[in-house]
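Working notes for the structure below.
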Amino acid sequence: MTLEDHLAPYAARSDAGQGRRFPEAGHASRSQFQRDRDRIIHCSAFRRLEYKTQVFLNHEGDMFRTRLTHSLEVAQIGRSIARNLRLNEDLVEALALAHDLGHTPFGHVGQDVLNDAMRDYGGFEHNLQSLRVVDTLEQQYAAFDGLNLMFDTREGILKHCALHNARELGDVGQRFIDRTQPTLEAQLTNLADEIAYNSHDVDDGLRSGLITIAQLEEVDFFARRWREVQDAHPGLTGRRAVYETLRRLITVLADDLITTSSTLLADAAPRDVEAVRLAGPLIRFSDATRKDATDLKRFLRANLYRHYKVNRMRVKASRIVRELYEAFMQEPVLLPPDYQDKSGDVGKQARKIADYIAGMTDRYAIREHRRIFSLEEL
């Protein structure tokens, strides 16, 4: 009996598929996907997620989510759903923990600035950067660059990928060219990510005072959960009422995903992973719950992500990233030696600068900006 004998026939198995780019012997007590998860947890890019923005900058408060706590929440939600669907929990966990490794400081604003700055040199996508981190940038093993992860893990990290980039990635980018599906574990992790950030962004938004319960009650999906809590616990207020509401919200989303996906899988009856790739998406919310989740997402976009206080910090953050990039491009000698390209190729130098900036935490980017532009910093 192996560690993966309990899985459904359409689940990903670490003893099948295309394996690792650099062959390695198996491990007696861990599956290959468990080894991937462990390598991700121990890499330096994972540790830096502790100080990278989700919505609120790291220094704005100790209680707000960071990329690290977000990734852990995605892993918890993803594993719970995977167990119910008899999918590979270890692959889901590896994908959840790795999906933000390439994220820039200051959240999506950092990515947008770098993508604009790099438009003549291939652009910048944080999913592609996450793959670059695990394939190349981590430098821990004697025999290879990167973490030498399994193909299914590497492919699943790429939630999005532009076609011109996919064509340069070989086998791991082929599904974007062929328009086929990734593993069920990758499909699941993408939606676990959405469940996690919708719920915890509501929590952080309320904690920050930028949104209110009164505003959220205009969103029917939230209002229904809030009324359930009030009916079950009359007079409950404050953080306990918020937590009780959000845990119900997560449960509704996760249960619907399990029920809907179970029905789709039973109807499609894919024989194996290859049949999954040729089918349509099989891990989905019901239409009604998809609408509920979308309504909540739209509320957050309009009332939290575009709040004027968030916009103020977004403008400051974009200026920091843009000015760092421009300074390094004009004067590469300002970079640490490992990030100075000696070939004279401007595109290669630009990519090294993007690697350097993307690897920064929020506070390191702020400090590096001060070192370069403030006369009071040395």
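The values are calculated or read from the model by the stated rules, or taken from the named source; none is laboratory data. Only a predicted model underlies this, so the values are computations on that prediction, with no experimental measurement involved. FYI the Cβ positions are ideal-geometry reconstructions off the backbone, even for glycines, and counts take in every protein chain you see. When the accessible area is computed, the model is the full protein with side chains, heavy atoms only, and any ligands, DNA or RNA have been set aside. Shrake-Rupley method; radii C 1.70, N 1.55, O 1.52, S 1.80 Å.
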Practice item. Could you compute the FRET efficiency for T237 and H108, with r as their C-beta to C-beta distance and R0 at 35 Å, rounded to 0.05? Key: 0.60
Practice item. Compute the distance in nm between two label points, each set 7 Å from the Cα along the Cα-to-Cβ direction, one at D295 and one at F151. Key: 4.4 nm
Practice item. May I ask you to list the trypsin sites (Lys or Arg not before Pro) in segment 97-204 that are in a DSSP loop and have at most 12 other Cβ atoms within 10 Å of their Cβ? Key: R179
Practice item. Return the calculated 222 nm mean residue ellipticity for the chain, to the nearest 500 deg cm²/dmol, obtained by summing -39500 (n - 2.57) across DSSP H runs with n ≥ 4 and dividing by the residue count. Key: -18000 deg cm²/dmol
Practice item. Report the calculated FRET efficiency for D255 and T69 (r = Cβ-Cβ distance, R0 = 25 Å), to the nearest 0.05. Key: 0.60
Practice item. Figure the gain on full extension for A214 and Q140 (residue separation times 0.36 nm, minus the Cα-Cα span) and round it to one decimal in nm. Key: 21.6 nm
Review point. Accessible area per residue of segment 284-378 at 1.4 Å probe, in Å²?
Key: 60 Å²
Revision key, fill the gap. On the formula 1/(1 + (r/R0)^6), with r taken between the Cβ atoms of D272 and R119 and R0 of 25 Å, the FRET efficiency rounded to 0.05 is 0.05
Review point. Using +1 on the beta carbon of Lys and Arg, -1 on that of Asp and Glu, and nothing else charged, what's the dipole of the chain about the Cα centre, debye to 20?
Key: 620 debye
Revision key, fill the gap. Between the modelled labels at D178 and H160 (7 Å from Cα along Cα→Cβ) the distance in nm is 2.4 nm
Point to revise | S374 versus E326: modelled label distance in nm, points set 7 Å from Cα along the beta carbon direction | key: 2.0 nm
Exercise for review: Sort 334-342, 232-240 for me by packing, meaning the mean count of neighbouring Cβ atoms within 10 Å per residue, highest on top.
Suggested key: 334-342, 232-240
Exercise for review: Only Lys, Arg, Asp and Glu count, each charged at its Cβ (+1, +1, -1, -1), so figure out the dipole size of segment 259-378 about its Cα centre, rounded to 20 debye.
Suggested key: 600 debye
**Study point:** Solvent-accessible area, 1.4 Å probe, carbon plus sulfur percent, for segment 60-205
**Key:** 45 percent
**Study point:** Normalised contact order of segment 220-378, rounded percent, pairs of Cα under 8 Å and 6 or more residues apart
**Key:** 15 percent
Practice item. Taking all pairs of distinct Cα atoms, average 1/r, flip it, and tell me the Kirkwood hydrodynamic radius of the chain in Å to one decimal place. Key: 22.1 Å
Check your understanding: Net charge near I77, counting Lys/Arg +1 and Asp/Glu -1 over other residues with Cβ under 12 Å of its Cβ?
Key -> -3
Review point. Separation of segment 253-294 and segment 185-239 by C-alpha centroid, Å?
Key: 24 Å
Point to revise | Largest-first principal axis extents of the Cα set of segment 293-378 (Å) | key: 50, 32, 17
Study note, to complete from the structure: Of 183-190, 305-312, ordering from highest average Cβ density within 10 Å down gives 183-190, 305-312
Exercise for review: Mind checking which lysines have their Cα closer than 24 Å to the Cα of K309? Skip sequence neighbours fewer than 8 apart in that chain.
Suggested key: K52, K297
